[in-house]
Each structure stands twice: as structure tokens, then as C-alpha cells.
1. Which aspartates and glutamates, if any, have their Cα less than 16 Å from the Cα of K49, not counting same-chain residues under 8 positions apart?
2. Cα atoms only: what Rg and Dmax, in Å, come out for the stretch 124-266?
3. Below 8 Å, C-alpha to C-alpha, sequence gap of six or more: please give me the relative contact order for the chain in percent.
4. Of the listed pairs K157/K277; K42/K130; K146/K362; K28/K169; K148/K176; K138/K377, which have alpha-carbon separations greater than 30 Å here?
5. Quick check on the chain: helices-only [θ] at 222 nm, where DSSP H runs of length 4 and up contribute -39,500 (n - 2.57) each and the sum goes over total residues. Nearest 500, please.
6. Note the angle between two axes, namely the Cα long axis of helix 125-191 and the longest principal axis of the Cα atoms of the chain, as a number of degrees from 0 to 90, rounded to the nearest 10.
7. Over its Cα atoms, what ratio of radius of gyration to 2.2 N^0.38 Å does the stretch 360-423 give?
8. Mind giving me the nanometre distance, one decimal, between the label points for A112 and S23, set 7 Å out from Cα along Cα→Cβ?
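What follows is calculated from the coordinates using simple rules that are stated; it is not laboratory data. Note that the coordinates shown come from a computational prediction; the quantities given were computed from them, not determined experimentally. Here the Cβ is made from the backbone with ideal geometry for all residues, glycine too, and neighbour counts use every protein chain on show.
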Amino acid sequence: MKNNLLIFTFSFFAFPAFGWAQSAPDFKELLDSAMVRDSNLKMQITQNKLTDLDEHKLKDIFLPTLELSGQAGYLNGTARLTSPEFNLAPFINIPEGTFNNNFNVSGFSGIAKADAKMLLYSGGKVKYMKKAVEEKKKSEDILLEKTKDEVIATISKAYDQLALIHQSKKVLDESKKRLDINRKTADKALGYGLITPYDHKKIELAQATLDAKMVEYEGKKELLLTQLYILTGIQRERLRMIDPVLSPVELLAAEKGIEQRAEIRALEHGISAADYKIKAERTWMIPKVQLMASAYYIGLYGNRIKSSENVIPAVPILGYEGKKLDWRPNNINVFPLITAGVGFKWEIFDGKEGKHAEETAKVGKEVLQNQKEDALKKLTLNLANNQTNYDIASAQITLKAKEKELAKNALVQAEKEFRYGMSKSSQLIDAENDLEVAELEYQNAIFNQRRAGIELMRSTQELDITKFYLIP
């Protein structure tokens, strides 16, 4: 009893989970998975991180910096003193070079230094560069919309192609059913001598042709499933369970213009960024101010300071030979030695480097303006072309629907005539082929209209996928 209860409990929780895991993915799941896996989108997002880093760098530019440095080594230096002539005649007359001397300092030295700096005023350059980076970031975010729309269009096309293939299978299955029925009729007619063996063989050939089309269908289906697997990463077992249906889409007139296209909006923000960059480059002539503070430690250890000649002159009358300098201090150090204040840098003439940078920024803006003008022309033509394609594709659906209806009626008539021996099998097969072609062309017309509809909505950056698929 206990074992049965455990089995029942496991089944209750396991089988629903198993059923859910094996459910067919809807369009939203396909799209969400593709957004995560798309290489172009991931690459663009990664590149945009560099702009984020530039933005953080500009925010941190006013933070103080602290630098520590030090030096230790052996010191050996000699200073030469040459005394000038000293003449106070008739009292004193000391010729030049009387007190020439060399002073030598040797020993070990140590120096430590701490520097602190903080930018107080950049002449306005940092402010304008921040604005330029903000506009650049907006431009990159807008271009992400374009990339996402491209992902949507790619998944939509693959999904609709799968729907087209599924619909083709249904058309082929219906043809197979009708041919099986007509094959039985042909068998009876052949037995009664109403048709020739040649006419009977034509029915067999039509069935073989249909079998070949079935094999072709399976190959195309596997190719599409592989494409969807690569785009989304969803396992083929679940993708095989998708059974989409194609239906025409009704679109209203565009509410926006081409000015709302991602390319145009991105270029507008790029032009704004160029304006700020020009202003930033103009600040080269404005003084920059920063706060500075330094602390030093200077030490001498095990040193010897000596002279080559007497520093205390000899007194021959007294028998005094003089005295050279030979001093060995234990250590000498200076600490702390502190400096603090405000410094400024004013580039009065920089060899026209600042002017050249400003002119370069102006040329960059001009390039973006030309790109915007060219994009407006191309996108205007693109909108007109996509509108025409959509109108033609919608008209084709109406035309192909009528052709399908006529072919269906013609097949009904051909079946009756063949059944009563009033026509040959070739006429029946021709009518069957005509209906098959008409049904496939009708489904293909719906597929083309949906593609044209998506491109028309993308023309004005108004792609709304809910008009094409049920999105929960």
C-alpha cells in the first residue's frame, strides 16, 4: 500500500513536469531565446560597455589622487669652490684662487615623497565631454533597437517558413488521399476496360511523384528545425512539436515617419555628441586649476663630508697649519617638508594643437550630418518600396484565393468525369496538380504578405509582433 502511494505521488508531480518540458515552444519563447543567443546583439552590448567605462572615467576625474614614491642609494658628490679676488688696498689684497677648495659628500641617502592632487576646474572640458558621452550612449542604445528588430525579423521568417512547410504537408496529404481514392476508381475502370493500362500507369506515376515531394518536404523541415535550433538553442524534440498556421495580417497606415527610424535618431544623438565635443575642444585656451599637496622625507646616513684644502687658514706666525673639513655625522634628515597650494596651467600657445582638435571635431559633425541626409533619402525610398510590396502582396492573396477556388471546382468536375469514363486520367492528374499548385501558391502569398508587412512596419520603427503572433 505504501509503495503504491509513493508511485502515485511521484506520478502526480513527475508527469505534469514531463509534459510541460515536452510542450511546444511558442513564438515568445523562441524570440526570447534568440535574443539571448544572437551574436550581433551580444557583440553590440559588449562594445557599448566601453562607453559606460568612459562615462565612469569622466565622473571620477575630479576625485583626488595620491602617489607615493621613494628612493634609496649611494650618494657621492663633489662641489668645487673657486674664490674670487678680494682687494681692499692698501689694507687687504687676496688674489683670485687663494681659497680654492673641493667639497665632497659621500654616504647613503633616502628620499620619500607623497603627492596628492585634485582637479578643481577643467576649463569646462570635462562637463562637455560628459554630455558628449551621454549622447553617444543614447545613440548606441537606439541602435540596439535596430539589432533587436533584425532578430525578430529573422525568427519570424524562420517560424513562418516552418508554418509554410507544415501547410505544404497538409496540401500533400490531401492530394494523397484524393489520389488513393482515384487509384481505386482507376483499378475498377481498368478491370471493366474503361481505361487503358497507360492511363492507369499515369495514376501510379502521380503517386510516385507525390511520394518524392513528401521526401523533399521532410528535408526542408529538418533544415528549418536545424536553423531554429541554432538561433534559439531549443532542442529539436520540442521544435518538432510546433504546428504553426499562416494567416494574412491587416496593417493600419503608419503613425510615424522615417524620422523615428533607429538610424536617424542615432545620428541625431551623434550630431549632438559632436556639438559637445567641439565645445570641449574649444576649452584648450581656458586655464585649468588643481589643488596640490606634497610631503617629503630626506635622510642621509653614514655620511662623510670633507674638503680637499683647509677651511681654516694656516697661521705660520703661531705655527698653526690650518684645518681641513672632515665631518662624519651619524645621520641628517629633514621631515616633514610639506608644500600645499593651488596650481594652474594656461596653454597660451600650444602650436595650434587645440585648434586642430576643434577643426577635427567639426569635420566629424559634418560627416554625421551628411550621413543623416543620405539616410533620410534612402529610408524615404525604402518606405515607399515596402508599402508597394505590401499592397502587391495583399492583392496577391485575393488573386491566389480565387485561383485556388477555381482549381478546386475544376478538380471536382474532373473527378466526376473520370469516374463516369468521360475523361482520361491525364485530365484528372492535371486538375490535381493545378489544385496542389494553387493551394501552395496561396500559402506562399500569405507568407510573402507577412514578410512585406514586417518590413513595412520596420520602415517607420513601428514593428509590433503582436499583430503577427499571439504573445501571452
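1. In chain and number order, the partners are E134, E135, E140, D141.
2. Gyration radius and largest Cα-Cα distance of the stretch 124-266: 27.2, 102 Å.
3. 21 percent.
4. Working: K157/K277 42 Å; K42/K130 25 Å; K146/K362 27 Å; K28/K169 25 Å; K148/K176 42 Å; K138/K377 23 Å.
With Cα atoms farther than 30 Å apart: K157/K277; K148/K176.
5. -21500 deg cm²/dmol
6. Rounded to the nearest ten degrees, it is 20.
7. 2.53
8. Inter-label distance under the simple model: 6.9 nm.
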